[in-house]
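Heads up: the structure comes next, in structure tokens.
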Amino acid sequence: MASVHESLYFNPMLTNGVVHANVFGVRDWVTPHKMALLVLLSELGRAGAQLGLLERRRLNRLLLPLLQGPDMALSRLRKAIEECCPHLAGSVHIRLKLMAEGELKDMEQFFDDLSDSFSGTEPEVHKTSVVGLFLRHMILAYNKLSFSQVYKLYTALQQYFQKDEKKDGADENEMELTNSEELDGKMEKEELDGPLREEEIACSGPLSQKQAEYFLSQQASLLKNDETKALAPASLQKELNNLLKFNPDFAEAHYLSYLNSLRVQDVFSSTHSLLHYFDRLILTGAESKSNGDEGYGRSLRYAALNLAALHCRFGHYQQAELALQEAIRIAQESNDHVCLQHCLSWLYILEQKIFDSCVLLEHSVNKSLHFGLPYLASLGIQSLVQQRAFAGKAANKLMDALKDSDLLHWKHSLSELIDISIAQKTAIWRLYGRSTMALQQAQTLLSMNSLEAVNVGVQQNNTESFAVVLCHLAELHAEQGYFAAASEILKHLKERFPPNSQHAQLWMLFDQKIQFERAMNDGRYHVADTLVAGITALNSIEGVYRKAIVLKAQNQMSEAHKLLQKLLIHCQKIKNTEMVIRVLLSIAELYWRSSCHTIALPVLLQALALAREHSLQYLASETVLNLAFSQLILGIPEQALNILHMAIEPVLAHGAVLDKGCAMFLVAKCQVASAASYTPQKKIEALESAILNLNEAKTYFAKVDCKEQLRDVLYFQARLFHTLGRTQERNKCAMLFRQLHQELPAHGVPLINAFK
């Protein structure tokens, strides 16, 4: 089930995706790249009405990322302009060439002419526009340069242009050698609109204030919404170190370094960067300027709160509790109700690791609503619903609670929490065994957010909610036998969430589980055994359970029983009811295989009581099927048929294909066993009905390539056809049985002693 507390980290950098860099010692200065932009703006003004509407629109869209972004090579800039307006790119290149190959006075004259853009009754550029502010900053920066600095700028411009000329010459030689026309292709759109790459932001000196702010805001936004488009952790850390080398007191760079360290689970570096962030915030006085004397205390209490969240994330609960107590103490002294509500939410998270308590959470929701904190209130409702789902509350009550939280989301435009709510509903329906409803919720979230690539400025829903829903979707397709579709979904997940991303463990676990089920269905137990290690690394409980299943399939009953008993005690201790029921069902199957049928009944009744108590309808239906099988073995098939009709409907409506096949196979067995006491005519009708059910079961087993169950069905059908005197059908089933029997190993287990 989706974690709903990832967003409780206090993030002082992000306010609507904008970084507030209060402290940065480096001002804007003139660089060769910015001179090339000035030439572009000058040529754009000269072109005037000669440019078409479409070309002007493309250039306007191009200008903003160019003005805000870091310096880039001239060749890349030319390609970007050519994409929008080819003849304007030529004019810019010629103008730069004349300036670079001319004299120093040509550059002086160029800057003198820039001021004319603001003159006249209808100036080409308004002073307060984005372009106007950029021009004015550059003119002021140039006018403040000394003569030696002007000469250095002119020399840098010449080197900037010559480097581009040399690159063009090398490209031409390469084209002649390779005779390839692909090298002259158009630049892809995402190169302009996409995030920055390492070579694009590497420069000889420090970034200016605006460039640093743009870089930090872009990377912080990408880490939150679309981690795959952000720089790699090592590259991003290298650039942050470069920023901090020129300005160690740049607090927001330390915070981004903290977020970057969290990506690679580096507890030491993340703690170091987080403490440095708040230290710099206090030392520079940035907080005190905006919050008065309270600024210092505010930084201290939020530093303690973030430190508690960090320790909680890495599982250091004792250290997290100490840091949280410190944050609560400082917040109480300052009477900061907002901070106290954040502390209360984290206190609930820490306490639920020890015991289940809804009191703190309910108090947190009420207080958050009272103080006008809809984000915290909604997260509290989500956690409360999650806890009560595990406690077995009715689904309709949980959905009513989620409906109330959805009203908060839509009222306050909390789009991220809308996604979390839908993912939560998907997981709840999966927990209750309603796969159709889970599929509907998953499709709802996917239809709300396009899978197509979008610009950096648009929120991309590559968040945990998106990953959770896609994982459930892949598992639902695999359960219905659509393995190709499941593979496509997992492939998409791997592209969206690479192995080094923070949510990659979700699809890794589901991928391993799907491969495990396929190997078990195919009878390749040695392959399934190799997958257990990967599952255990991602989820220890699932790994131990799968190991026991493999041991059971390999007829290592004693080892499987010991493992399941240990797992049962552990799951009962941590109150993992769903796994407790699954373990009990597996233990009952071990008793069947050991011919201890009467011992299995109390175990099944215990599982049924738990499933009904916690409203786990699908697990309850599966338990009833197992009880019916026990009754069949004990010689009361009529009673088994009666309870089968009560439980088979949910299985056929929401169950996996394998479970549907097992259910129909069990119905056929009960029909055959019951027919022994019938009259000859009625017996023939019962056997004909059993054959039809076996055909349906065979279709289900074939869909998931479950060869072992197919072999059993064919054997059973052959016996029935022989009883009915239908020799041709009997021989066909016998031939198919022989083929599968030679392919699969025989474990010597009687056919009647296995339900699944």
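Below, the figures for the structure above:
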item	result
Matching option when the condition is exposed (fewer than 13 other Cβ atoms within 10 Å of the Cβ) and either assigned by the TED database to the domain that holds L40 or under 45 Å from the mean Cα position of the chain (by Cα) (or both), among D71, D112, D106	D112
Region 674-717: number of residues that are of a type outside the set (D, E, K, R) and closer than 30 Å to F483 by Cα	20
Which listed residue, of K494, K513, is basic (K, R), closer than 28 Å to H654 by Cα and touching a Lys or Arg at 6+ places or on another chain (Cβ under 9 Å)	K513
Among (1) assigned to a helix (DSSP H, G or I); (2) under 20 Å from P70 (Cα atoms); (3) at pLDDT below 75 - the single one M187 does not satisfy	(1)
Considering residues of region 462-485 that are among the aromatic types (F, W, Y) and assigned to a helix (DSSP H, G or I) only, the residue nearest to A442 (Cα to Cα)	F466
Residue selected from region 221-254 under the condition in contact with a Ser or Thr (Cβ under 6 Å, 6 or more places away or on another chain) and either at pLDDT below 85 or among the charged types (D, E, K, R) (or both), by the criterion least open to solvent (accessible area, probe 1.4 Å)	E227
Residue, surrounded by the fewest Cβ atoms within 10 Å (Cβ to Cβ), within region 732-744, restricted to residues that are touching a helix residue (DSSP H, G or I) at 6+ places or on another chain (Cβ under 8 Å) and assigned to a helix (DSSP H, G or I)	E743
Residue in region 660-682 that is surrounded by the most Cβ atoms within 10 Å (Cβ to Cβ), counting only those that are free of Cβ contacts under 8 Å to residues at least 40 places away in the same chain and not aliphatic (A, V, I, L, M)	Q671
Count - residues of region 566-603 that are in a helix (DSSP H, G or I), over 18 Å from L619 (Cα atoms), in contact (Cβ under 8 Å) with a residue 24 or more places away in the chain and open to solvent by 60 Å² or more (accessible area, probe 1.4 Å)	2
Extreme residue, most open to solvent (accessible area, probe 1.4 Å), among residues of region 136-160 that are closer than 26 Å to H93 by Cβ and among the hydrophobic types (A, V, I, L, M, F, W, C)	L145
Out of L470, L476, sole residue that is open to solvent by less than 30 Å² (accessible area, probe 1.4 Å) and under 13 Å from the mean Cα position of the chain (by Cα)	L470
Qualifying residue in region 316-335 (condition: surrounded by fewer than 22 Cβ atoms within 10 Å (Cβ to Cβ), aromatic (F, W, Y) and at pLDDT 85 or above)	yes
Region 493-514: number of residues that are within 13 Å of the chain's Cα centre (by Cα) and open to solvent by 40 Å² or more (accessible area, probe 1.4 Å)	8
Test for K127: is it open to solvent by 60 Å² or more (accessible area, probe 1.4 Å) and at pLDDT 80 or above	no
Whichever residue in region 651-708 is within 44 Å of the chain's Cα centre (by Cα) and not in a helix (DSSP H, G or I) and, among such residues, is farthest from Y618 (Cα to Cα)	D705
Verdict on I420 being over 16 Å from the mean Cα position of the chain (by Cα), in the same structural domain as L473 (by the TED database), crowded, with 20+ Cβ neighbours inside 10 Å and of a type outside the set (G, A, S)	no
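Let's see how each residue does on (1) among the charged types (D, E, K, R); (2) at pLDDT below 90; (3) in contact with a His (Cβ under 9 Å, 6 or more places away or on another chain):
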{"site": "G655", "(1), (2), (3)": "no, yes, no"}
{"site": "M664", "(1), (2), (3)": "no, no, no"}
{"site": "K669", "(1), (2), (3)": "yes, no, no"}
{"site": "A676", "(1), (2), (3)": "no, yes, no"}
{"site": "T699", "(1), (2), (3)": "no, no, no"}
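The values are calculated or read from the model by the stated rules, or taken from the named source; none is laboratory data. All figures in this text were calculated on a predicted structure; none of them were measured in a lab. Quick reminder, even Gly has a Cβ in these numbers, built from the backbone with ideal geometry, and neighbours come from all protein chains shown. The protein model used for the area step is the full one, side chains on, heavy atoms only, and it has no ligands, DNA or RNA in it. Shrake-Rupley method; radii C 1.70, N 1.55, O 1.52, S 1.80 Å.
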